[in-house]
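The values are calculated or read from the model by the stated rules, or taken from the named source; none is laboratory data. Keep in mind that what you see is a predicted model, and the values were worked out from it rather than measured. Positions of Cβ are backbone-derived with ideal geometry, glycine not excepted, and every protein chain shown enters the neighbour counts. When the accessible area is computed, the model is the full protein with side chains, heavy atoms only, and any ligands, DNA or RNA have been set aside. Shrake-Rupley method; radii C 1.70, N 1.55, O 1.52, S 1.80 Å.
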Amino acid sequence: MDTARQQSRDSLLRRITGLCAEADQVRAGFADLLDQGAGRAWERLRAEGRLRPGTSETPPPLSLPESFAEVLSHAVALENAEPDLTPGRGPGLLLRHYLEFMPGLLIEQLCAGDPAASSVFHCQGRGPLDWDRLPHLRRGIDGLFDLFAQAGLSAPPFAPSGAALRKECGTVAALYGRSYYGGFMPLLGGYPGDLSRMGRALLLGEPLEAVIDRDLSAPLLHELSHGSRRRAAIFPPYLDECVSSYLGARVLPALAFPDKNGAGPRTLFAAPWLSQVGQALCRTVGLGAVTRAHAGPKGWEGEAQDALLAAAARLGWAEYARTRDPHFLSSNYRPGPWMKLFFLAVPASAGAGPDLSGLTLESLDAMPWIEVPPGEEAEMDGEILTFALRAMCLRGVREEGAFAVTSLPPVAPIKVDLAGCRVHTTLPPGDAGTEPPSYLFPPAVASRLRGRGVAGYTLEVHDLDALAEAGQAIRDGAPSRHGAGYRLSRHPG
């Protein structure tokens, strides 16, 4: 990593935390702890006779990305400084989770000789993956590289092109190993329950590529959307996760929204909660700028307003200091404050908006959307509304130890609240989610419609094919109507 860029990142985080020396001391021990955690997992496999044939005599080398190690070291330093605030958790939990437990699961995926893991991760007993038989994953990778090219990245992550990456990576293990989290975290979608399900499909004669394309296209695209481990990720990690979720969904829509006929890849559960925040950031800062900052070698410096980056870091650290959630994703089901911050930051950068330095997540949460400058309408507003309506039609259930997501007409009407810039509905009975579905309504469109005396809409959907027509009617401010597969009721202001 470029020294000047790392010093800049360190300077920003250190100004916020005041834990410079403590974090450096903690971080100095990470490599040894990670090696020890990986070694214990590898020794367990060897003692149980479960090592995959051909595995080396030592565990594969693991490593933390620089920017994640920075976050973890500051979090551990804070826990060391205030051990009584999180009884039963504290620094020991963070260190065990990120330097032993999760790396241990990765060692299981990479080194276990179980038939499913060996086949899925290493194509054990056969040649490398046939990429022509992985249509969804192949198209997703090409779409991601197209995104890199459109953003002007002359040196994209992983490889010069999607074709080059596929040529270099003949296994899932090799592909995942290129990603940001691939050096110390297990692959999402490759946990024991997932591997058991994939193993049964293989035993029933399903081709390996078909299983991987269905079950792992979305997780792999999501991880590749994080970029390589050499990049400088935005702080807090929540925003990094949101940007990755949106970029992945943009190039592989099934990552967030399953195909209507269920024939496509398995969808990641609750992805829209994250992707809407990444989408809002791209809507305000610009898709190209966000992609360059997120995945490129120069990081966020110069691609987003300094005031926005400083505010995001300050708010993210304050949230962690309050919640101490070890996953660093405390805002998962509270996206509104962050999206308001993005829309506020654009006029603020030109001197026409509020001072971001005085904002908190609580004050942003309480701020009405009608007080947030919406900006001019943009092409991405149509995409935001499309995503919002599709997000209302998702059902998540627990299936064979994992989440399965389908698209169905919602059991309750969809509500469009233009004052609250929100599309929402009730949680379907039996759904595995914990929060009712909610998604951003494009603020600039909401402002225009409110100016025309429209307060909102109620949409009843009976056929998913009707979503496009219904969405266009809402965007146009259409009066109440019955359409093929839907009923739309307009509420006057």
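Structure above, values below:
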read-out	value
Evaluation of ARG490 against (1) open to solvent by 40 Å² or more (accessible area, probe 1.4 Å); (2) out of contact with any Pro (no Cβ under 9 Å at 6 or more places or on another chain) (one fails), failing number	(2)
Single match in GLU377, GLU371 (criterion: within 30 Å of GLY453 (Cβ to Cβ) and touching a residue at least 40 places away in the same chain (Cβ under 8 Å))	GLU377
When residues of segment 106-136 are limited to those that are in contact with a Phe, Trp or Tyr (Cβ under 8 Å, 6 or more places away or on another chain) and of a type in the set (A, V, I, L, M), the one most open to solvent (accessible area, probe 1.4 Å)	LEU110
Per-region count, segment 450-468, residues surrounded by 15 or more Cβ atoms within 10 Å (Cβ to Cβ) and under 24 Å from ASP259 (Cβ atoms)	6
Residue ID - farthest from ARG229 (Cα to Cα), chosen from residues in segment 147-160 that are more than 19 Å from the chain's Cα centre (by Cα) and in a helix (DSSP H, G or I)	GLN150
Scan of segment 212-250 for residues that are of a type outside the set (Gly, Ala, Ser), under 29 Å from GLY199 (Cβ atoms), in contact with a Leu (Cβ under 8 Å, 6 or more places away or on another chain) and without any contact (Cβ under 8 Å) to a residue 60 or more places away in the chain, ordered by number	PRO219, HIS222, GLU223
Any chance VAL346 is within 30 Å of ASP463 (Cβ to Cβ), among the β-branched types (Val, Ile, Thr) and open to solvent by 20 Å² or more (accessible area, probe 1.4 Å)	no
Any hit, segment 167-190, residues being among the hydroxyl-bearing types (Ser, Thr, Tyr), assigned to a helix (DSSP H, G or I) and surrounded by 23 or more Cβ atoms within 10 Å (Cβ to Cβ)	yes
For ALA271: the one exception among (1) over 18 Å from GLU435 (Cβ atoms); (2) without any contact (Cβ under 8 Å) to a residue 60 or more places away in the chain; (3) not basic (Lys, Arg)	(1)
Number of the condition not met by ALA163 [criteria: (1) at pLDDT 95 or above; (2) under 23 Å from the mean Cα position of the chain (by Cα)]	(2)
Tally of residues being surrounded by fewer than 22 Cβ atoms within 10 Å (Cβ to Cβ), touching a helix residue (DSSP H, G or I) at 6+ places or on another chain (Cβ under 7 Å) and closer than 17 Å to PHE257 by Cα across segment 422-449	0
Unmet criterion (only one of (1) buried (at least 24 other Cβ atoms within 10 Å of the Cβ); (2) modelled with pLDDT of 95 or more) for ALA232	(2)
Filtered residues of segment 198-207 (kept if surrounded by fewer than 21 Cβ atoms within 10 Å (Cβ to Cβ) and part of a helix (DSSP H, G or I))	GLY199, ARG200, ALA201, LEU202, LEU203
Wholly within segment 379-483, helices (runs of 4 or more DSSP H) carrying at least 1 residues that are more than 21 Å from CYS282 (Cα to Cα)	443-451, 467-476
Qualifying position, being modelled with pLDDT of 95 or more and farther than 25 Å from GLN305 by Cβ, among THR434, THR360, THR425	THR425
Segment 376-411 - residue that is closer than 22 Å to TYR246 by Cβ and charged (D, E, K, R) and, of those, least open to solvent (accessible area, probe 1.4 Å)	ASP381
Subset tally (residues that are hydroxyl-bearing (Ser, Thr, Tyr), modelled with pLDDT of 95 or more and either more than 26 Å from the chain's Cα centre (by Cα) or surrounded by 21 or more Cβ atoms within 10 Å (Cβ to Cβ) (or both)) for segment 49-103	2
Search result, residues across segment 137-154 that are open to solvent by 40 Å² or more (accessible area, probe 1.4 Å) and over 17 Å from SER179 (Cβ atoms)	ARG139, ASP146, ALA149, GLN150, GLY152, SER154
